[in-house]
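Participant: Here it is: the structure, laid out below.
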Ligand code: GLC
Ligand code: CA
């Protein structure tokens with residue numbers, strides 16, 4: 001019998017290479033900096049790292065604008081550095097996931113440069129979405145870029161090309177066999193170098209339909225796609241179901257082909273996780289059917305309020321939906337595209353939620369710095385680099401706050417991250433959040449994460465399903481406790497700002513708010529915290 005694949009219930013640590021550790025003093029993190037700090041990652045107890053892009057790139061969108069998908073950008077090092085990273089990671093028993101960006105290339109990719117030269121109607125242009133202008137000179141349709149502004153840019157001879165993101169990120173035409181062949185080469189290239197799998201960027205976006213048509217409400221749609229814009233749920237859902245460039249049936253054919261490549265690596269247990277923002281949520285499970293990918297991100301917790309019923313609903317839904325295709329859910333509280341969870345819902349709240357999530361079935365993703373309890377960095381607009389800030393003329397603040405480099409040690413910025421000037425400034429207030437200071441504080445968020453991951457491995461591996469518990473409380477706190485039992489562990493999260501006295505059997509083995517526990521005998525779930533009880 002085949003043993004459970006490593007990724008089924010893994011903890012996967014997302015590294016944004018530019019912000020992790022700078023080995024050469026140029027102010028930007030790099031591959032050698034990651035390699036030199038893998039022991040820190042190992043000590044955290046995670047199973048794998050996912051590296052955001054480090055490929056050759058003009059870096060207009062944090063490296064998600066790839067100019068050569070089969071090489072390392074000199075800012076990050078070279079292929080030898082990558083090989084060293086893989087070898088060191090594997091020696092530490094850490095798997096490595098690379099980020100694959102199939103929706104678009106950079107406009108500096110040689111394909112796009114030759115498409116510009118080759119002119120209209122050429123096979124080179126057919127690898128992208130080049131169209132003539134409408135008779136009145138306007139772009140082929142009225143779609144809006146996800147970073148704001150039109151999703152079409154005109155070239156010298158008058159044709160327009162499509163870019164769902166920045167104008168420097170021309171969308172690829174997945175009806176063209178060259179595109180398929182090139183990505184298959186790229187997948188094999190990194191697999192042959194030893195990667196254990198991929199995170200697939202904009203996995204739902206590759207196939208476009210109705211390019212010849214205007215959308216009836218492009219600005220409504222563009223707002224609906226922005227998580228920072230409030231909108232009535234039904235209106236948002238109706239708009240999200242009308243996107244002509246997301247979640248088209250054709251994308252699944254692509255992943256079926258890719259799955260065959262992954263499986264051809266036999267006992268390597270190669271896995272891939274899809275970034276697929278789709279609606280209705282059940283559609284996400286199509287990406288993890290048995291012959292497609294292995295995981296799909298569940299983004300519910302990136303936006304969820306710290307609210308009992310809401311959390312109960314989205315967690316239940318994700319578990320149930322994934323079960324329909326025999327998959328396990330994934331959980332992510334932060335990533336490089338969203339506000340950090342500590343800033344979004346609060347320090348104690350985010351720790352409680354993290355400890356709760358670590359006990360759930362499926363894989364948990366941790367965005368580097370989350371384990372330190374980092375908030376978003378406070379930035380001046382003049383520091384911001386995100387294309388969504390630039391394209392929206394500042395109306396969208398963008399994602400730079402979540403990408404501020406990690407504080408490692410010392411009392412002053414840049415806290416050991418670099419000997420030079422960090423690419424984004426690090427706030428002085430982070431002196432209490434450095435790895436060094438948190439290591440020595442037994443109540444730190446870092447030590448909470450380390451203990452939680454270790455206990456998860458010890459007590460929860462392969463424990464199967466959860467069983468929700470009725471809220472055992474009455475009176476003013478009723479409805480503020482969310483609990484489940486899984487294997488030997490009972491988990492309670494107290495979402496209220498009052499301690500809850502509770503009768504339970506067993507021993508508290510971890511609490512997200514340990515400073516407020518006097519002793520294990522006192523049967524209390526502290527305010528705004530999660531506890532695990534060993535039965
Ligand atoms: C994904 C990435 C994001 C990037 C976008 C365009 O959503 O996570 O960072 O800007 O794709 O590639
Ligand atoms: Ca560097």
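A short reminder: the numbers here are calculations on the coordinates, not readings from a lab. In this text the structure is predicted, and so the values were computed from the model without any measurement. Ideal geometry is used to build each Cβ from the backbone, glycine not excepted, and the neighbour counts take in all protein chains shown.
Participant: What fraction of the DSSP beta bridges in the chain is antiparallel, stated in percent and rounded to the nearest 5?
Facilitator: 55
Participant: Right, here's the next one. Subtracting the Cα-Cα distance from 0.36 nm times the residue separation, let me have the gained length for residue 155 to residue 253 in nm, one decimal.
Facilitator: Here the answer is 32.1 nm.
Participant: Say each of residue 175 and residue 535 gets a label point 7 Å from the Cα, pointing the same way as Cα to Cβ; how far apart are those two points in nm?
Facilitator: Distance between the two pseudo-spin positions: 5.7 nm.
Participant: On to the next question. What does the convex hull of the Cα atoms come to per residue for segment 272-375, in Å³?
Facilitator: 91
Participant: At q = 0.08, 0.12, 0.13 Å⁻¹, what log₁₀ I(q)/I(0) does a Debye calculation on the Cα points of the chain give, no solvent, two decimals?
Facilitator: For the requested q values the scattering log ratios are -0.52, -1.20, -1.40.
Participant: With everything on Cα atoms, drop me the angle between helix 177-192 and the longest principal axis of the chain, reported from 0 to 90° to the nearest 10.
Facilitator: In the chain, helix 177-192 runs at an angle near 40 degrees to the longest axis.
Participant: Ranked highest first by the average count of other Cβ atoms within 10 Å around their residues, in what order do 156-164, 256-264 fall?
Facilitator: 156-164, 256-264
Participant: Determine the gain in length on full extension of the stretch residue 242-residue 226; use 0.36 nm per residue of separation and subtract their C-alpha separation, reporting nm with one decimal.
Facilitator: 4.3 nm
Participant: Shifting gears a bit: Mind checking the angle between helix 250-263 and the chain's longest principal axis? C-alpha axes, 0 to 90 degrees, to the nearest 10.
Facilitator: With rounding to tens, the tilt is 70 degrees.
Participant: Further question on the same structure: So for each of 176-182, 396-402 I average, over its residues, the number of other beta carbons within 10 Å; can you give me the resulting order with the highest mean first?
Facilitator: 396-402, 176-182
Participant: Length gain on complete extension for the stretch residue 268 to residue 235, per 0.36 nm per residue less the alpha carbon to alpha carbon distance?
Facilitator: 7.4 nm
Participant: Using Cα atoms only, what is the angle between the long axis of helix 79-91 and the major principal axis of the chain, expressed in degrees (0 to 90) to the nearest 10?
Facilitator: The answer is roughly 30 degrees.
Participant: In which sequence would 207, 251 go, from the one with the fewest C-beta neighbours within 10 Å to the one with the most?
Facilitator: 207, 251
Participant: Next up: Can you give the helix-only mean residue ellipticity at 222 nm for the chain, where every DSSP H stretch with n ≥ 4 adds -39500 (n - 2.57) and the sum goes over all residues, rounded to the nearest 500 deg cm²/dmol?
Facilitator: Taken over the chain, the calculation gives -7500 deg cm²/dmol.
Participant: Okay, moving on. What FRET efficiency do you get for residue 93 and residue 214 if R0 is 41 Å and r is their Cβ-Cβ distance, rounded to the nearest 0.05?
Facilitator: 0.20
Participant: Quickly work out the residue 188-to-residue 439 label distance, labels modelled 7 Å from Cα along the C-beta direction, and quote it in nm with one decimal.
Facilitator: 4.4
Participant: Please report, in Å, the Rg and the Dmax of segment 110-162, where both are computed over Cα atoms only.
Facilitator: Calculated on Cα positions, Rg and Dmax stand at 11.1, 31 Å.
Participant: Cut-off is 10 Å between beta-carbons; in what order do 438, 470, 241 appear when sorted fewest neighbours first?
Facilitator: With the fewest neighbours first, 438, 470, 241 line up as 470, 241, 438.
Participant: Hey, another quick one. Please arrange 23, 382 by counting, for each residue, the other beta carbons lying within 10 Å of its beta carbon, fewest first.
Facilitator: 382, 23
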